[in-house]
1. Quick check on this structure: which one of SER19, SER64 is hydroxyl-bearing (Ser, Thr, Tyr) and at pLDDT below 80?
2. Is at least one residue of segment 340-347 farther than 19 Å from LYS413 by Cβ and either surrounded by 14 or more Cβ atoms within 10 Å (Cβ to Cβ) or over 28 Å from the mean Cα position of the chain (by Cα) (or both)?
3. From the list LEU90, LEU44, which residue is assigned by TED's automatic domain parsing to the domain that holds CYS182 and either touching a strand residue (DSSP E or B) at 6+ places or on another chain (Cβ under 8 Å) or surrounded by fewer than 18 Cβ atoms within 10 Å (Cβ to Cβ) (or both)?
4. Enumerate the pairs (first residue in segment 65-88 and within 15 Å of TRP242 (Cβ to Cβ); second residue anywhere and modelled with pLDDT of 75 or more and basic (Lys, Arg)) with beta-carbon separation below 8 Å, excluding pairs fewer than 6 apart on the same chain, so at least 6 apart or on different chains.
5. Pick from segment 358-411 the residues that are part of a helix (DSSP H, G or I) and either in contact with a Leu (Cβ under 8 Å, 6 or more places away or on another chain) or not assigned by TED's automatic domain parsing to the domain that holds ARG337 (or both): which of them is nearest to TYR431 (Cα to Cα)?
6. Go through (1) aliphatic (A, V, I, L, M); (2) buried (at least 16 other Cβ atoms within 10 Å of the Cβ); (3) within 14 Å of the ligand (Cβ to nearest atom) and name the single condition ILE233 misses.
7. Where residues in segment 281-299 are small (Gly, Ala, Ser) and in contact with a Gly (Cβ under 8 Å, 6 or more places away or on another chain), which of them is farthest from the ligand (Cβ to nearest atom)?
8. Going by the conditions given, is GLU216 more than 16 Å from the ligand (Cβ to nearest atom) and at pLDDT 90 or above?
Amino acid sequence: MDRFIRGIFWIAGYLLLVSVPLLILFVERTPPGRGFAPDFNVALAFSATAMMGMMFFLTARSRSIGNSIGIDIIYYYHRRIALAAYVFVLIHILIALFVNRAFAADIINSTLPLGIRFGVVALLLLTVLVISSVWRKQLRIPYEIWRLWHIILAISVISFSLMHIFSVAYYAGSSNELFLWCSLALFWFATTVWTRLIKPLLRRRHPYEVVEIRAEAGNAWTLALKPLGHGGIRFKPGQFAWLTIGQSLFTLDEHPFSISSSACEHERVEFTIKELGDFTSEISNITPGVTAYVDGPHGSFSTDQHDAPQYFFFVGGIGITPVMSILRTMADRLDQRQLLLIYGCKTLEDMTFREELKTLSGQLNLTIVEVPEHPPDGWSGESGFIDDKILRRYLPDYRSGAKYFLCGPGPMKTAIEIGLHRQRVPLENIYTELFDFV
Ligand SMILES: Cc1cc2nc3c(=O)[nH]c(=O)nc-3n(C[C@H](O)[C@H](O)[C@H](O)COP(=O)(O)OP(=O)(O)OC[C@H]3O[C@@H](n4cnc5c(N)ncnc54)[C@H](O)[C@@H]3O)c2cc1C
């Protein structure tokens, strides 16, 4: 199925599942004594719960959804939808206080019924979830700790929300209503069990062994893995995988990395990892022989998924890794399509794969433009940041049907997107990989 149609299919499926609880409001008879405001308020709460519940499905790393919509876009909407659900919950509480003045007195006198208390707990936990996610970096919460608590909080919020809905029992008391809510809840929790327990268990049957750790320029290390007793992963060049090294399969210390080796090579898969935080700084200490697990391939940042007569790549720093896989694969396939790589980095010494890229430019129809932020004395090439002017100088005039791949830090991505927009490049021909989508 075409990627666009699959994307539409998944979005339609998502909207349908989110709106299922609202159907109850239309189908079931309005309980006596209720009017528009209370029913609208129930609709808000039902929508918020369904939107939050569907997060388990959205973040289950489904390859089909990820490859059709893009995993970074899924996470982008995950954040936006969560905020929208939070706003719905806040409005729900304001309307409840307005419609039922007794609530305010109950809160002050601490005489809230149990069902409402469940709702209050859900709200408090959701507030912690939202604050810790939106301001994780500012609050300096280590990623792994945040991730563990994110999962625990998310499951708790949904559990307390459902307990609130079942105890208050407006449109959730009849057998039909209960069946619908229980089916939805089962689906959400089954997705979590599948992602967090069953999938890691299945991965146990496909272990890898670390066979080499190689130092690269730019404070990076290439980690080579060999499949143990299986055929390895079949990936498209440019895709990424979640990597777990030498630990329990149920660890939350798994990290996404683009595969940097050629997709034509199946006996060995390589990741090139820049030292950044606690996990990546330990890569150099790994000894060959250690077991690793690979969850992938994921993503749609691949020339194999977007066929074109010409490709233009714009990368910054370690963003070279997916493009390296693409170029190595093209060299293995003797592909002679026109390629341009504009590669930004701090200094030329920092440029990961600089020597190999020169060799590849001799084998491929590839032009490389190096853009060091701090060029050496006497450097006559481009320097500074990749911008509109550099794009205009190097993009050929004839670019019909060309595809553009961007992988680098946020500000570089924005500058290049603006530049490409000015060059009238259609948005649908630009593909982006973000290394910090979480
Ligand atoms: C699709 C994708 C492909 C990537 N490819 C590469 C690559 O080829 N080479 C490379 O060096 N880096 C790559 N990264 C970035 C890499 O995942 C992070 O640098 C690494 O996880 C940082 O972990 P840390 O514990 O060392 O640093 P920390 O200081 O713990 O984390 C730094 C930041 O990295 C992100 N991060 C950390 N852990 C995770 C995780 N488990 N899942 C998602 N994000 C996380 C968070 O935004 C965090 O704030 C890629 C990221 C993504 C999303």
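The values are calculated or read from the model by the stated rules, or taken from the named source; none is laboratory data. It should be emphasised that the depicted structure is a prediction, and the values quoted were computed from it without experimental measurement. Here the Cβ is made from the backbone with ideal geometry for all residues, glycine too, and neighbour counts use every protein chain on show.
1. Result of the check over SER19, SER64: SER64.
2. From segment 340-347, those farther than 19 Å from LYS413 by Cβ are 347; that's our starting set.
Okay, now just the ones that are also either surrounded by 14 or more Cβ atoms within 10 Å (Cβ to Cβ) or over 28 Å from the mean Cα position of the chain (by Cα) (or both), so 347.
Yes: one or more hits.
3. On the way: LEU44 fails: either touching a strand residue (DSSP E or B) at 6+ places or on another chain (Cβ under 8 Å) or surrounded by fewer than 18 Cβ atoms within 10 Å (Cβ to Cβ) (or both).
One residue alone meets the criteria, LEU90.
4. ILE71/ARG61
5. Step one: of segment 358-411, the residues part of a helix (DSSP H, G or I) are 358-363, 388-394, 410-411.
Then keep just the ones that are either in contact with a Leu (Cβ under 8 Å, 6 or more places away or on another chain) or not assigned by TED's automatic domain parsing to the domain that holds ARG337 (or both); that gives 360, 391, 394, 410.
Details: LEU360: 22, LEU391: 16, TYR394: 19, GLY410: 14 Å.
Only one residue tops the list, namely GLY410.
6. ILE233 satisfies every listed condition except (3).
7. So in segment 281-299, the residues small (Gly, Ala, Ser) come out as 281, 284, 289, 292, 296, 299.
Going one step further and asking which of them are in contact with a Gly (Cβ under 8 Å, 6 or more places away or on another chain), we end up with 292, 299.
Working: ALA292: 15, GLY299: 6 Å.
Checking each candidate, the answer is ALA292.
8. no
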